[in-house]
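Each remark here refers to the structure printed beneath this line.
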Amino acid sequence: MAREASINRTTNETDISLKLKLDGSGASEIDTGIGFFDHMLEGFSKHGFFDLNLKIIGDLAVDGHHTIEDAGIVLGNAIRKALGDKKGIRRFGSCILPMDETLVLCAIDLSGRPYLVFDAQFTTERVGYMETEMVKEFFYAVSCTAKMNLHIKVLSGTNNHHII
């Protein structure tokens, strides 16, 4: 059975359409209206070999909060739905990721119990048009709705783009 999910979600603040294929090739079509956020999600898709189609119309005239948080909610729900009964997967996973001067630890447990530990500091209020405080909010929404235990710890780094 294909491990994929399609989710549409409309609120007063956002209208989201998402398609996720876990066993993909890394192809993506992403338009959230926030260029740097699109860039990060494209990297998630490409390097995770997930196919991701995501279109969001959000209240960006207010700010990026609803768009980014709601994207996390929908992506987490899609991950949980695509995993189904989780047969044939490994429950735990981790990586230490270098990007130039930055080194980040990420560990995950698909336990069904949501929890986020996020240890990162940013020195700017935004990267591009994305507020850096929204990075934690995004991962909180993903971890809660996917029902995963997620730990993210920045071990070293100074460039906010690389840290995110």
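Where a number appears in this text, it was derived from the coordinates with a stated rule and is not lab data. Owing to the predicted nature of the structure, the values given are computational and were not obtained by experimental measurement. Every residue, glycine as well, gets a Cβ built from its backbone with ideal geometry; the counts of neighbours run over all protein chains shown.
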**Message:** Just to confirm my numbers, what's the Cα centroid distance between region 84-140 and region 1-79 in Å?
**Reply:** 16 Å
**Fill in**
trypsin sites (Lys or Arg not before Pro) in region 77-148 lying in a DSSP loop, each with at most 15 other Cβ atoms within 10 Å of its Cβ, come to Lys86, Lys87, Arg90, Arg91
**Item:** Enclosed volume per residue, in Å³, of the convex hull spanned by Cα atoms of region 1-65
**Value:** 72 Å³
**Item:** Theoretical gain in end-to-end length, Lys19 to Leu116 [0.36 nm per residue, Cα-Cα removed]
**Value:** 32.5 nm
**Prompt:** What number, rounded to the nearest 500 deg cm²/dmol, is the helix-based mean residue ellipticity at 222 nm of the chain, given -39500 (n - 2.57) per DSSP H run of at least four residues and division by all its residues?
**Reply:** -9500 deg cm²/dmol
**Message:** How charged is the neighbourhood of Asp23? Take every other residue with its Cβ under 13 Å from the Cβ of Asp23, and add Lys/Arg as +1 and Asp/Glu as -1.
**Reply:** 0
**Request:** With only Lys, Arg, Asp and Glu charged, each at its Cβ (+1 for the first two, -1 for the last two), find how big the charge dipole of the chain is about the Cα centre; round to the nearest 20 debye.
**Result:** 1020 debye
**Full-extension gain in nm, Ser94 to His39, via 0.36 nm per residue minus C-alpha separation** = 17.6 nm
**Prompt:** When Rg is the radius of gyration of the Cα atoms in the chain and Rh is its Kirkwood radius, what does Rg/Rh come to?
**Reply:** 0.94
**Message:** Show me, for region 119-124, the HN-Hα J-couplings you get by feeding each phi into the Karplus relation (A = 6.51, B = -1.76, C = 1.60, θ = phi - 60°), rounded to Hz, glycine and proline as x.
**Reply:** 10, 8, 10, 10, 9, 10
